[in-house]
Amino acid sequence: MHLHKYEKIWLTFGIGSLVIFLVVLAFGAFWQGTHPQSHGVTIDPENIEANDAFKPENLGITKVSDDKYIVNIVATAFNYNLGVDEEGKPVKDIRIPKGSTVLFQVTTKDVVHGFNVAGTNINMMVEPGYISSYETVLDNTGEFTIVCNEYCGVGHHLMFATVEVYE
Ligand code: CUA
């Protein structure tokens, strides 16, 4: 079989592109694996309480200074654990004054969950073994729903909590 010069060039180019693509895919998806965007911080999913942020008494919202807050959350199938109130009832709503800088820190013990505060730029993947964190300034008032956008099981659609930003 005789191949024309240009056929050879294009064939080489085509196969070369495919090889490069497969190498990039193998490196990115299989060698590095999947992880949340802010995957720098790891945690033992069997013992998250060893990390101060995820001790039961430190869950939910904590005021750090005048306009700075930290919100620690454990995502579980199928709930966002924000701690308990004075009566021991689970907190489902966090209230934050407008203009505050808020650091959200989220982890999970079980499966991959999402952490999306609908209507804001807060959108994280939460994976066992990692702490997903995101700091932002909440400039818009309103009630925002925290939703799970990673399918995590039969109760996936029941996972929610709210963030209320008030004037
Ligand atoms: Cu948690 Cu979907």
Q: Among the residues of the range 85-119, count how many are away from the ligand (no atom under 16 Å from the Cβ) and either in contact with a helix residue (DSSP H, G or I) (Cβ under 8 Å, 6 or more places away or on another chain) or open to solvent by less than 10 Å² (accessible area, probe 1.4 Å) (or both).
A: 5
Q) Out of the range 133-161, which residues are part of a strand (DSSP E or B), touching a residue at least 24 places away in the same chain (Cβ under 8 Å) and away from the ligand (no atom under 16 Å from the Cβ)? A) Ser133, Tyr134, Glu135, Thr136, Val137, Phe144
Q. In this structure, does Asn79 turn out to be surrounded by 14 or more Cβ atoms within 10 Å (Cβ to Cβ) and either more than 16 Å from the ligand (Cβ to nearest atom) or touching a residue at least 60 places away in the same chain (Cβ under 8 Å) (or both)?
A. yes
(Q) Please verify whether Tyr130 is among the hydroxyl-bearing types (Ser, Thr, Tyr), more than 12 Å from the ligand (Cβ to nearest atom) and at pLDDT 95 or above, treating the condition exactly as stated. (A) no
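The values are calculated or read from the model by the stated rules, or taken from the named source; none is laboratory data. Remember, it's a predicted structure, so these values are computed and weren't measured experimentally. A quick note on method: Cβ atoms are made from the backbone with ideal geometry, for glycine too, and the neighbour counts reach across all protein chains shown. With ligands, DNA and RNA removed, areas are computed over all heavy atoms of the protein, side chains included. Shrake-Rupley method; radii C 1.70, N 1.55, O 1.52, S 1.80 Å.
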